[in-house]
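These notes concern the structure reproduced below.
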Amino acid sequence: METILVTGGCGYIGSHTCVCLVKNGYNVVILDSLINSFDNSFLKIKNVLLKEKISNKGRISFIKGDVRDEAFLERLFSEQKKNNKRITRVIHFAGLKCIYESIKYPLKYWEVNVQGTITLLKVMKKHNCFSIIFSSSATVYKPNSTKLLNEEDILKPSSPYGKTKLAIEDFLKDLYESDKKNWRIASLRYFNPVGSHFSGLIGENPKGESSNLFPAILKVLKNYQKNLLVFGNDWPTKDGTCIRDFIHVLDLAEAHIATLNFLFSNKPQYLTLNIGTGKGRSILQVINQFNNLEKGILKYNFVQKRIGDHPIIVADNKLALKLLDWEPKRTLKDMCEDTINNVKSK
Ligand code: NAD
């Protein structure tokens, strides 16, 4: 059985992906500093596996640490090898992700995201581990409201966060070019992951700031905030609110399994893929879906537009559909229903 290192595996997307990995027969080592997740995150992952009746005995472990800590990574890779559980591949989620925070603290974002990735890759190379899936983002694109964004479109991130993602993609490409016989690398550009595991046991639960829609919705569902603030109602869209490509986090997690399979069964390469549904949904459509599920559950009011927002950002996901044995299966209703389940199970 292969052992996969999952950095940031206690976080939102990481925790769902770890469940899928174990389910698909991989051994998993989670490395997380818990800067944006909690002490009980690992326990919750194990509880989901238990609930799904998936044996996890000795197959998933957690170690607290920072991807910027080279000596720590070095020890981790060596220990795993010594115990006959050599790390053969890495899925790299660890990083900071709030666009607005990154404008205030660019130093922190460049250091954690870029420096962390360089340190990780340095240790991987030293230990002959040449395969990585990197969490990139739709924020690397120059937004274009007139078409679906494909992998060849213009790259022009506007925030320090997006710039760190693009810098890491460039670095990974350079690395591949330097040793084309060995590196198998995929940068997955996620669009808007939302929802949670159907058990309600794990879900989005950021410690820090978030500029995304669903964390804001969660605050209202948990009664921390009365109304959801909707930024603008006169955008050039059918109902005046912004349109985004929301993808269920379990569909996104499954895209990682499909990418592991693709990288394994094809020649070494550097691959960039959009991971979205290809369908745009407006903010009002999402709100209405919540209120259809439970009348009046999501109150909202309109406020001024945010600087830097764009009316429409939707993925062209054709390349992922073509290359991977994968397609997003869950509906907007599933995304909202699972979000409600997650709140109720707390
Ligand atoms: P998250 O914050 O829930 O998870 C990230 C995890 O990484 C957290 O558990 C955090 O504690 C850990 N971490 C952060 N810095 C670390 C460090 N230096 N060393 C070790 N662990 C560290 O975020 P998420 O939503 O699960 O996102 C995962 C990845 O996907 C991130 O790289 C993010 O930029 C990217 N991404 C997320 C979205 C989104 O909307 N959620 C969209 C596009 C891309």
Please pick out the residue among Gly203, Gly195, Gly208 that is buried (at least 22 other Cβ atoms within 10 Å of the Cβ) and out of contact with any strand residue (DSSP E or B) (no Cβ under 7 Å at 6 or more places or on another chain).
Gly203
I'd like to check something: does region 151-169 contain any residue that is free of Cβ contacts under 8 Å to residues at least 60 places away in the same chain, surrounded by fewer than 22 Cβ atoms within 10 Å (Cβ to Cβ), aliphatic (A, V, I, L, M) and part of a strand (DSSP E or B)?
yes
Selection from region 1-22 of residues that are near the ligand (Cβ under 8 Å from one of its atoms) and in a strand (DSSP E or B)
Thr7
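Per-residue answers, yes or no, for (1) free of Cβ contacts under 8 Å to residues at least 40 places away in the same chain; (2) over 19 Å from the mean Cα position of the chain (by Cα):
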{"residue": "Thr237", "(1), (2)": "no, yes"}
{"residue": "Leu260", "(1), (2)": "no, no"}
{"residue": "Leu273", "(1), (2)": "no, no"}
{"residue": "Gly280", "(1), (2)": "yes, no"}
{"residue": "Gln289", "(1), (2)": "no, yes"}
{"residue": "Lys295", "(1), (2)": "yes, yes"}
Residues to consider are Arg86, Arg68, Arg59; find the one that is out of contact with any Phe, Trp or Tyr (no Cβ under 9 Å at 6 or more places or on another chain) and basic (Lys, Arg).
Arg68
Selection count where residues are charged (D, E, K, R) and surrounded by fewer than 15 Cβ atoms within 10 Å (Cβ to Cβ), scope region 53-69:
3
Has region 92-103 got at least one residue that is touching a Pro at 6+ places or on another chain (Cβ under 7 Å), of a type outside the set (Gly, Ala, Ser) and surrounded by fewer than 18 Cβ atoms within 10 Å (Cβ to Cβ)?
yes
Is there any pair linking a residue in region 321-346 that is more than 19 Å from Asn192 (Cα to Cα) and hydroxyl-bearing (Ser, Thr, Tyr) to one that is at pLDDT below 95 and not in a helix (DSSP H, G or I), with Cβ under 6 Å and at least six apart or on different chains, and which?
Ser345/Gly200
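The values are calculated or read from the model by the stated rules, or taken from the named source; none is laboratory data. For clarity, every value in this text was computed on a predicted model and none was experimentally measured. Note that each Cβ is placed from the backbone with ideal geometry, even for glycine, and that neighbours are counted across all protein chains shown.
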